1. Hey, with R₀ at 45 Å, roughly what FRET efficiency would Asn120 and Lys258 work out to, going by the Cβ-Cβ distance, to 0.05?
2. What ranking do Tyr126, Tyr247, Tyr114 get, fewest neighbouring Cβ atoms within 10 angstrom at the top?
3. Where does the stretch 77-141 land on Rg/Rh, using Cα atoms and the Kirkwood Rh?
4. Distance cut-off 22 Å, Cα to Cα: go down the list Lys143/Lys181; Lys74/Lys143; Lys140/Lys258 and report the pairs above it.
5. In sequence order, what are the phi-derived ³J(HN,Hα) couplings for the stretch 204-218 according to the Karplus relation 6.51 cos²θ - 1.76 cosθ + 1.60 with θ = phi - 60°, rounded to whole Hz, with x for glycine and proline?
6. Considering only Cα-Cα distances, which of the following residue pairs are longer than 30 Å: Lys202/Lys260; Lys72/Lys185; Lys67/Lys189?
7. Charges on Cβ only, +1 for Lys and Arg, -1 for Asp and Glu, centred on the Cα centroid of the stretch 144-233; of Leu163, Leu230, Leu147, which one is farthest towards the dipole's positive end?
8. Relative contact order, percent, of the stretch 190-273 when contacts are C-alpha pairs under 8 Å separated by at least 6 residues?
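Bear in mind that the values in this text are calculations on the coordinates, not laboratory data. Remember, predicted model here, so these are calculated numbers, not experimental data. All Cβ positions, even for glycine, are placed from backbone atoms using ideal geometry, and neighbour counts span all protein chains on display.
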Amino acid sequence: MDKFYTVPNLSIRGHFLNLYTSYRCIGVKIIYPTVLLFMLLGCGGESFRASLDAEDQFIVAKAHFNKRKYDKAKEGFQRLLFEHPGSDYIDDAQFYLAECYFEKRNYQEAQSEYKFMVDNFRDSPYADDAHYKLMLSYYKLTKPYYLDQELTNQTMEEIELFLSKYPGTELRKEVMEIRNKCRNKLARKELENGKMYMKMEKYEPARIYLNGVLEEYGDTEIKDEAILLLGKCYEEEHKFDEAKEAYERVLNESEDEKSKEEARERIRKLTTRK
């Protein structure tokens, strides 16, 4: 027989779903059904029909998700988490709740839900996918290279942690692509600092930045540009032999014909400056 509980109005479901999320934020992972019943009975008001069981609730919410009705799906997964905290579908609901936020491009909330999944459902079959999407959520929140790169560094930390936990992951190619993008962004940040000092005609600190880029990010796409700029710094300091060595390094190591052509032109011009 269906059960009926007394609540002040229909919005109480949303209230308790929000309460569930708040409890998780302070470390309370489960609200027991008896506690929920006590909360409901103490409210007074109109009645509503009890929720579906966990399996049916998940089926309904997942159907909404598959139809890209993410708001309805999110509500269903939240309800399952709140009303059936001890069910076998709890990790399914948690993962797809995070997926709803991700598909809605709400990466901040997605990151929070994936993080909760990673920290509290480590044995779940969704664990590796959740960690990957956590890292991807961080990456989606990163800023352009000329702004603060804290989130880029956090993404890199999550990448290294993911690869250490799942060394044989089938997602390795995708993870490495994001890793390369992050490293290129961090390298560009340092390179632009070097270029700034060059514009100020402070060539020694410029070289320090450029050498740092080559040492830390010598495998990124900005390598040739950094070496060419380093050569120009040496030129401005009248250190022509060092400049020539830099340009010859481009000729020997670069696979980019445009960069090689620029290096050849710089070497040719050096002969007229000595």
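1. Using R0 = 45 Å, I get an efficiency of 0.35.
2. Tyr126, Tyr247, Tyr114
3. 0.96
4. Result: Lys74/Lys143; Lys140/Lys258 exceed 22 Å.
5. Couplings: 5, x, 4, 5, 4, 5, 5, 5, x, 4, 5, 6, 8, 10, x Hz.
6. Lys72/Lys185; Lys67/Lys189
7. The Cα lying farthest towards the positive end belongs to Leu230.
8. For the stretch 190-273, the relative contact order is 21 percent.
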